[in-house]
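A.B. asks: Please find one structure pasted underneath; my questions will follow.
Values quoted throughout were computed directly from the atomic coordinates according to the rules given, and no laboratory measurement underlies them. Just so we're clear, the structure is a prediction, and the values are computed from it rather than from any experiment. Note that each Cβ is placed from the backbone with ideal geometry, even for glycine, and that neighbours are counted across all protein chains shown.
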Amino acid sequence: METQTKIDRDHILAMERLGKLLEAIGSPAVCLGPRCKAPILWVQHLNGDRIPYNPNGELHPDTCPDRELFRRKKRT
Ligand SMILES: [Zn+2]
C-alpha cells in the first residue's frame with residue numbers, strides 16, 4: 001500500500017525532526033528513577049517550567065516506571 005508507506009515515512013521523518021529539535025533545545029540527562037535511568041532531555045518551557053522529555057518526543061513522566069517518585073508536590 002503506497003499511501004500507508006508514505007504516511008510511515010512522513011511519520012519517521014517527523015519523529016527525526018522532533019528528536020533533533022529536542023537535542024538542540026534540551027539539556028541531556030539521565031532519569032534518577034532507580035528502575036528507569038533512561039536518557040532524557042530537560043526542556044525549559046516559556047512559562048518557566050522545566051519538563052523532561054524522552055528523545056523521541058514523548059513526555060518522560062508518561063513512560064517512566066518511577067514516575068510516582070517524581071510526582072510534583074504542589075507548592076502552597
Ligand atoms: Zn524515568
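A.B. asks: Mind checking which residues of the range 53-63 are assigned to a loop (DSSP other than H, G, I, E, B) and within 13 Å of the ligand (Cβ to nearest atom)?
C.D. replies: N54, P55, E58
A.B. asks: Hey, among the residues in the range 1-45 that are under 14 Å from G57 (Cα atoms) and of a type in the set (V, I, T), which one's surrounded by the fewest Cβ atoms within 10 Å (Cβ to Cβ)?
C.D. replies: The qualifying residue surrounded by the fewest Cβ atoms within 10 Å (Cβ to Cβ) is I12.
A.B. asks: Quickly run through the range 24-52 and pick out the residues that are part of a strand (DSSP E or B) and away from the ligand (no atom under 11 Å from the Cβ).
C.D. replies: Across the range 24-52, the qualifying residues are S27, P28, L41, W42, V43, Q44, R50, I51.
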